[in-house]
1. Can you compute the charge dipole magnitude of the stretch 91-167 about its Cα centre, using +1 on each Lys and Arg Cβ and -1 on each Asp and Glu Cβ, nothing else charged? Give it in debye, rounded to the nearest 20.
2. What share of the DSSP beta bridges in the chain is antiparallel, in percent to the nearest 5?
3. How big is the convex hull of the Cα atoms of the stretch 61-138, per residue, in Å³?
4. Could you work out the relative contact order of the stretch 91-167? I mean the mean sequence separation of Cα pairs under 8 Å and 6+ apart, divided by the number of residues, in percent.
5. When the Karplus curve 6.51 cos²θ - 1.76 cosθ + 1.60 is applied with θ = phi - 60°, which whole-Hz ³J(HN,Hα) does each residue of the stretch 152-161 get, with x for Gly and Pro?
6. Which ³J(HN,Hα) values in Hz, rounded to whole numbers, follow from the phi angles of the stretch 76-91 under the Karplus curve 6.51 cos²θ - 1.76 cosθ + 1.60, where θ = phi - 60° and Gly and Pro get x?
7. Taking H as built 1.01 Å from N, whose amide H comes closer than 5 Å to the amide H of LYS90, not counting residues under 5 places away?
8. Would you mind counting up the charge near GLU116? Only other residues with Cβ under 13 Å from its Cβ, with Lys and Arg at +1 and Asp and Glu at -1.
Amino acid sequence: MMNQSTVEYQDCKGNLIHEDELYERLLIIVKSQRTVPGALIPVLQTAQNLFGYLPEKALRMISKELKLPYSEVAGVVGFYSYFSTTPKGKHTIRVCLGTACYVRGGQDVLKAMSKELEISVGGTTHDRKFSLEVGRCFGACGLAPVVMVDDETFQRVSPSKINEILNSFE
């Protein structure tokens, strides 16, 4: 019998899945890859796709089942920027701090965004709705400062426009 966890995730169809079920799925995948040379990175990618990030419990399971030292698993995760040990929000906000955006107030936009979301760069809101990151150049210097939310670009953003931007996302 599965122990029901209080943590739930959404699959690609929007269905809620209990955390325990994701660990069961991961365990099946990891066990199937035990004898495959070079399985660590594909298994980590699969785990991140399941959870949206790599929780420590998943890393420990992968380490144990692939018979690899935890330090090796954690080292690979730390080396590749693709992997994240922090939960990501449904929407990723990137504030450009390239030269043009910085000069035209990008830093003020970032501060205001951080204050409004109550998170710092690299963080995720408690409801996992937003993650906040910094970008270095989005190729829209004439429209600076620029903010991207997922694939949507907002131009000439000022701190006073932040609520309007955030409210446009469910």
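Read-outs: derived from the displayed coordinates by stated rules, not from any lab. The model shown is predicted, which means the values in this text are computed figures rather than measured ones. Ideal geometry is used to build each Cβ from the backbone, glycine not excepted, and the neighbour counts take in all protein chains shown.
1. Details: 9 positive and 9 negative charges, 48 e Å.
About 240 debye.
2. Numbers: 10 of 16 bridges.
Counting only bridges with both partners in the chain, antiparallel ones make up about 60 percent.
3. Numbers: hull volume 8.6 nm³, N = 78.
Residue-normalised Cα hull volume stands at 111 Å³.
4. Numbers: 128 pairs, mean separation 31.1, N = 77.
Worked out over the stretch 91-167, it gives 40 percent.
5. Coupling constants for the stretch 152-161: 9, 9, 10, 10, 6, 7, 10, x, 6, 8 Hz.
6. Rounded to whole hertz, the list is 5, 4, x, 6, 8, 5, 4, 7, 9, 9, 10, x, 9, x, 4, 10.
7. It is LYS129, PHE130, by chain and number.
8. Numbers: positive: LYS111, LYS115, LYS129, LYS161; negative: ASP108, GLU118, GLU164.
Charge balance in the 13 Å sphere: +1.
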